[in-house]
Amino acid sequence: MREPDGPKGDVWDDYRFVLAVHRAGTVSAAARRLGVDHATVIRRIDRLERRLGEKLFHRRASGYTATQAGLALVATADAIESAIIHGETAIGRAAAQLVGTVRIGAPDGFGSAFLAPRLTTLIERHPDLDIELVATARLFSLSKREADIAIGLSLPPEGRIVGRKLTDYTLKLYAAPAYLARLPPIRERSDLEGHRFIGYIDELLYSPELDYLHQVAPGAGARLRSANLNAQLQATVAGLGLAVLPCFMASGRRDLTCVLPDAVSLTRSFWLMMHADSRDLARIRAVAEHIYAVVEAERELFAPGG
């Protein structure tokens, strides 16, 4: 691969386009991340390929995949990005101010039911800080900068990720009172046979920690399956069937009854994770500490009596 023979000042600017396309997988998604139009991304990639004399991406209908030369450049660009982040921290400019945007990736239940209503004080306290809350049922790649902070059900086995347990949380079996009223009473696990269940779509499970229906009712299959926990909750409230739900979403609701509270009780954990390169940025650290604080203040919500 030849060294770029153009102006050295735009090298990082070109490299960040390559990094964005590699991480996003498509030109259109990269353009959205960079805040430019589709044509600009294509033009910058083409220009860099001409300067280097190498093809950086295979163009396919499904998206862009990096060639060997592209992967080598991505590794260099990633190192440059990390150095820039470290430089900001050391100099204390952007790192010392709570200015900018912090993206939080979180499971849909935790993100929408718990975290979203508890971000008000953080935003009011820091008027120059913006929060992006991506509350959806998926894993977030911190290495690809899909989020600055990720909430997950387990720590990744490798990578430059730092994590800390937020809390354990309890899940129990719930149903709408109207559903239970029209069927024989459920007094023990064997009474669950023949009931309708609501659960996850097996092939869309983003974590093995969510594969728990068989623990509650071995052999039972969900009649309604959804990758979205809020959809499962709403279907349960509507009387469609029984569902295993986190207590922090379901406990204490008048439109739900906890079924076999002593016999059916599962425990899972939430972890807060950050990339090692960015954990010392003040804005990211402040958001992480806020999340720790609001969870600690309401820890009982995650493991109530039933």
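Annotations
- Positive minus negative residues near Q68 (Lys, Arg vs Asp, Glu; Cβ under 12 Å): 0
- Anisotropy class of region 217-265 from Cα gyration tensor, a/c 1.5 cut: oblate
- At 0.890 mPa s and 25 °C, Stokes diffusion of region 30-185 via Kirkwood alpha-carbon radius, µm² per second: 124
- Charge sum, other residues only, whose C-beta stays under 12 Å from A31's C-beta, Lys/Arg counted +1 and Asp/Glu -1: +3
- Residue-wise HN-Hα coupling along region 144-156, computed from phi with Karplus coefficients 6.51, -1.76, 1.60 (Hz; x: Gly, Pro): 8, 6, 5, 7, 8, 10, 10, 9, x, 9, 7, 7, x
- As computed over region 168-266, the Cα convex hull volume per residue (Å³): 96
- Student exercise, region 149-208 dipole from Lys, Arg, Asp, Glu Cβ charges, in Debye to nearest 20: 260
- Among I291, I131, the ranking by other beta carbons within 10 Å of each residue's beta carbon, starting with the fewest, stands as I131, I291.
- Relative contact order of the chain, defined on C-alpha pairs under 8 angstrom at six or more residues apart (%): 21
- Each other residue within a Cβ distance under 10 Å of R103 adds +1 if Lys or Arg and -1 if Asp or Glu, for a net charge of -3.
- Dipole of the chain [Lys/Arg +1, Asp/Glu -1 at C-beta], most positive-end residue of F57, P218, P127: F57
- Note on region 168-266: antiparallel DSSP beta bridges, both residues inside, total approximately 60 percent of the bridges counted.
- Residue range of the chain that is longest and free of GluC sites (Glu not before Pro) which are both DSSP loop and sparsely packed (at most 11 other C-beta within 10 Å): 1-157
- Sequence-distant residues sharing a close amide H with E298 (under 5 Å, placed H): none
- In a simple Cβ point-charge model (Lys, Arg +1; Asp, Glu -1; nothing else charged), the chain has a dipole of about 500 debye relative to its Cα centre.
- Toward the positive end of the charge dipole of the chain, with +1 on the Cβ of Lys and Arg and -1 on the Cβ of Asp and Glu, the farthest Cα among A29, Q232, A286 is that of A29.
- Ranked D168, D78, D262, criterion: other C-beta atoms within 10 Å, fewest first: D262, D168, D78
- When both region 241-303 and region 104-122 are represented by their alpha-carbon centers, they are found 10 Å apart.
- Computed per residue of the chain from DSSP H runs no shorter than four, each worth -39500 (n - 2.57), the mean residue ellipticity at 222 nm is -10500 deg cm²/dmol.
- Across q = 0.11, 0.15, 0.25 Å⁻¹, region 8-91 modelled as identical point scatterers on its alpha-carbon atoms has Debye log10 I(q)/I(0) values of -0.28, -0.52, -1.30, in the order of the q list.
- What the Kirkwood sum gives for the chain is a hydrodynamic radius of 22.0 Å, with every pair of different alpha carbons counted.
- Taking the Cα centre of region 169-244 as origin and assigning +1 to Lys and Arg Cβ atoms and -1 to Asp and Glu Cβ atoms, the resulting dipole is close to 320 debye.
Every number in this text was worked out from the coordinates using simple rules, so none of it is lab data. A quick note: this is a predicted structure, and the numbers were derived from the prediction, not measured. When we count neighbours, we look across all protein chains shown, and the Cβ atoms used for this are built from the backbone with ideal geometry, even at glycine.
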